[in-house]
C-alpha cells in the first residue's frame, strides 16, 4: 500500500490570478523526500511552492525568495519571528521588547551557525544581501517545523557557503522542496529533482540518475 503523500496534485492547473502558470500537474511528494525544484525564470517554481505551502500550512517552514524580513528590526527579532506560532501573545511581546535569556541564547547559537555570530543585534537594513538571506533561512529554521519549503534560499551566497547552509537546513527537516538555480546543488544535496518549463512538469527523476547535461536541457 502506498503511504499517504505529503503533497499531492492530480491533473491540476495552478494560476496566478487569471494567468495559467502550470497545467496538467500530477505530482506526489512523500514524507522524507528532499526535492530540488529547477527551471528557468518564470517557469512556475514560486507558484508551485506556494501551492505546496497551502496544502500543509501547519507543517511548513517557509523561506520565500525575497526574504520578507522586517528591515528596521534586528537579526534576533527577525529570526525569532519563526517561533511566533509556538508561543502565546505575551511571551512573544516580551521577547520583542526585551529578549528572554533562553530565546536570546537559542537565536545567538543559530545565528552563529549561519555565520552571523556578531550580527544578532544588527538591524537587517544594515546587512549585505547574503547576510539578509541567511537571516531569512534562520527564521525558517527557528520555526522548527518538519517540512522546509525554500525559494532560492542560498542564491546570494557563494558556492561553498551555499552548499554548507543548504546541507545544514536539509539536515534539520524531515522533508524539503527547494527551488534552486544552481544545478550542482540539486545533484549534490537532493534525492529527487523536479524540472519545470513551458507551463509543465517536464522532469521528475531521482537525482542519482541525472547529469548536469540532463538539467541543462531544462534551460
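All of the numbers you see were taken from the coordinates with simple rules; none came from a lab. Please read these numbers as outputs of a predicted model, since none were measured by experiment. Positions of Cβ are generated from backbone atoms using ideal geometry, with glycine treated the same way; all protein chains shown enter the neighbour counts.
What to note about this one:
- Folded to 0 to 90 degrees: helix 45-55 orientation relative to the chain principal axis, Cα: 70
- Taking other Cβ atoms within 10 Å as a rough exposure proxy, 139, 197, 15 sort from fewest to most as 15, 197, 139.
- Note on the chain: antiparallel DSSP beta bridges, both residues inside, total approximately 45 percent of the bridges counted.
- FRET efficiency for the residue 10 to residue 41 pair, using the beta carbon distance and R₀ = 22 Å, is estimated at 0.20.
- Net lengthening on full extension, residue 128/residue 102 (0.36 nm per residue, minus Cα-Cα): 6.6 nm
- The order of the peptides 146-153, 83-90, 20-27 by mean Cβ neighbours within 10 Å, most packed first, is 146-153, 20-27, 83-90.
- Once the Cα gyration tensor of the range 69-188 is diagonalised, semi-axes √(5λ) in Å: 25, 16, 11
- Cβ-based exposure ranking for 119, 45, in which fewest neighbours within 10 Å come first: 119, 45
- For the chain, the fraction of C-alpha pairs farther apart than 24 angstrom is 44 percent.
- Size of the range 16-58: Rg and Dmax of its alpha carbons, in Å, are 11.4, 34.
- Centroid-to-centroid separation of the range 47-97 and the range 5-46 [C-alpha atoms, Å]: 23
- Relative to the dominant Cα principal axis of the chain, helix 159-171 is inclined by about 90°.
- Of all DSSP beta bridges in the range 109-219, antiparallel share, percent nearest 5: 55
- Pairs of alpha carbons in the range 1-131 separated by more than 26 Å make up 42% of all such pairs.
- Estimated distance in nm for a label pair at residue 70 and residue 58, the labels positioned 7 Å out from Cα along Cα-to-Cβ: 2.6
- Crossing angle, helix 129-142 versus the chain [Cα axis fit, 0-90 degrees, rounded to tens]: 90
- Residue 91 paired with residue 160, simple spin-label distance in nm, labels 7 Å along Cα-to-beta-carbon: 4.0
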